[in-house]
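Step one of this worksheet: look at the structure below.
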Amino acid sequence: MIENFESIPSPCFVLEEELLDINLQILDLVQKEAGVDIICALKGYAMWSTFPRIGQTLSGAAASSLHEARLIYEEMGCEAHTYAPVFYENEMDEVLHYSSHITFNSLSQYRRFIDRVKAFKKPVSVGLRINPEYSEVGTDLYNPAMPGSRLGITRDQLADTLPANVDGLHFHVLCENDSFVLERTLERVEASFGPLIRQCQWFNMGGGHHITRKDYDVKHLVGLLQAFKKRYPNLKRLILEPGEAIGWQTGYLVSTVQDIVHNKTTRIAMLDVSFSAHMPDCLEMPYKPRILNATDAREGKHVYRMGGTTCLAGDYMGMGDYRFEKELKIGDKVIFDDMIHYTMVKTTFFNGVRHPSIGILRKDGSFELLRTFGYEDYKGKLS
């Protein structure tokens, strides 16, 4: 745990190397005990400076685009498990070059590209994403199985035999869920797709597994996966691809108070970070992030609303205010906890506001600043 944030530049994403290692140890335990492959999904965690460490422990990584697949290939040194809602003609050869597996979202995409895959210069295993039409995700924005979803193939679209050259199936309908939700989901998946799973060489249970959360029942997960493998002895590989579980509770977003704005009874701490540009998940889910040394607002005079730095009217923490032990002043640090997963991967340069730097707190207590951003990064996104 960082004891002195005053030496950290602001704004800055800070990963604690030791906390990342703890998460990797938990995931590796599941891999070994259950005999499965856990791979890192870049959609949730893509801090590529840590990829060499992740590649030593996990079984690879999952991409959702050409650029993610290339990043995996270049920085983790392995080929990607690549799925995308759509693939493009002019990118397919590059995607295949960087991939060991490719999963199609629809039968039309499969038909469009299967000959291209078969004719490619190296073998690439082919899969299909299925939609079990069941999910316990409560927020529609994150629910891939909501009615009318564009993601995955429903059972009525498939025959009783897998299409030619298809080696595996992939579902992804979880989001921050525990192993008991996975258990209920598998009941639905197997009821619909069980005979097709028996024809597979591999099966991918997607992401959304909150394995590194403190109250997650790892023992139950291991037993669940072991039992699944026994029911399907044909499977050569059983794959999970969490992203959030890798970066869960591994670091912070350091910000600084720039102004205190008064609006009648509301006091707003204006920060040098943005909820819409730097923490969009807080607005999308929505959820209220924890601030170190602060609590939810309750009776007391040191209550503040957190305001972001862009001109968007809604760029503030709308899920509730915070109470601090001492009155906030300009220049005080405000530290948002658990800001490594689904943050850096979603940040934007909206308004041209200063983008947070990226750094790592090493195990020996030293801080290493890895990356800063400036005008050229903002300009380079535009033309």
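Close amide H contacts of Leu174 (hydrogens built in the peptide plane, cut-off under 5 Å, sequence separation of 5 or more or a different chain): Gly207. Axis angle, to the nearest 10 degrees, between helix 179-197 and the longest C-alpha principal axis of the chain: 30 degrees.
Per the Cauchy relation, a quarter of the hull surface: what is the mean projected area of the convex hull of the alpha carbons in the stretch 35-246, in nm²?
11.3 nm²
Building the convex hull from the alpha-carbon atoms of the stretch 256-383 and averaging its projection over directions returns 9.1 nm². Here the calculated FRET efficiency for Asn165 and His67, from their Cβ-Cβ distance with R0 = 22 Å, stands at 0.25, rounded to the nearest 0.05. For the Cα trace of the stretch 157-284, dividing Rg by the Kirkwood Rh returns an Rg/Rh value of 1.19.
Please turn the phi angles of the stretch 362-375 into ³J(HN,Hα) values with the Karplus equation 6.51 cos²θ - 1.76 cosθ + 1.60 (θ = phi - 60°), one per residue in order, whole Hz, x for glycine and proline. For the stretch 362-375, the Karplus-derived couplings read 6, 5, 7, x, 7, 9, 10, 7, 8, 7, 10, 10, x, 4 Hz, x marking Gly and Pro.
The three principal axes of the Cα atoms in the stretch 129-173 give end-to-end lengths of 36, 18, 15 Å, sorted in falling order. One Cα centroid belongs to the stretch 264-319, the other to the stretch 334-358; the line between them spans 14 Å.
Applying the Kirkwood pairwise sum to the alpha-carbon positions of the chain produces a hydrodynamic radius of 22.3 angstrom. Annotation for the stretch 117-163 versus the stretch 181-243: alpha-carbon center distance of 15 Å. Stokes-Einstein diffusion for the stretch 1-144, with the hydrodynamic radius set to the Kirkwood value over Cα pairs and evaluated at 10 °C in a medium of 1.306 mPa s, equals 92 µm²/s. Once you divide the Cα radius of gyration of the stretch 104-220 by 2.2 N^0.38 Å, the number left is 1.14.
Between Asn234, Asn90, Asn177, the residue with the greatest mean-square fluctuation in the GNM of the chain (Cα pairs under 10 Å linked by springs) is Asn90. With R₀ set to 45 Å, the beta-carbon distance separating Glu183 from Glu368 gives a calculated FRET efficiency near 0.65.
All of the numbers you see were taken from the coordinates with simple rules; none came from a lab. This one's a predicted model, so the numbers in the text were calculated from it and none came from an experiment. Every residue, glycine as well, gets a Cβ built from its backbone with ideal geometry; the counts of neighbours run over all protein chains shown.
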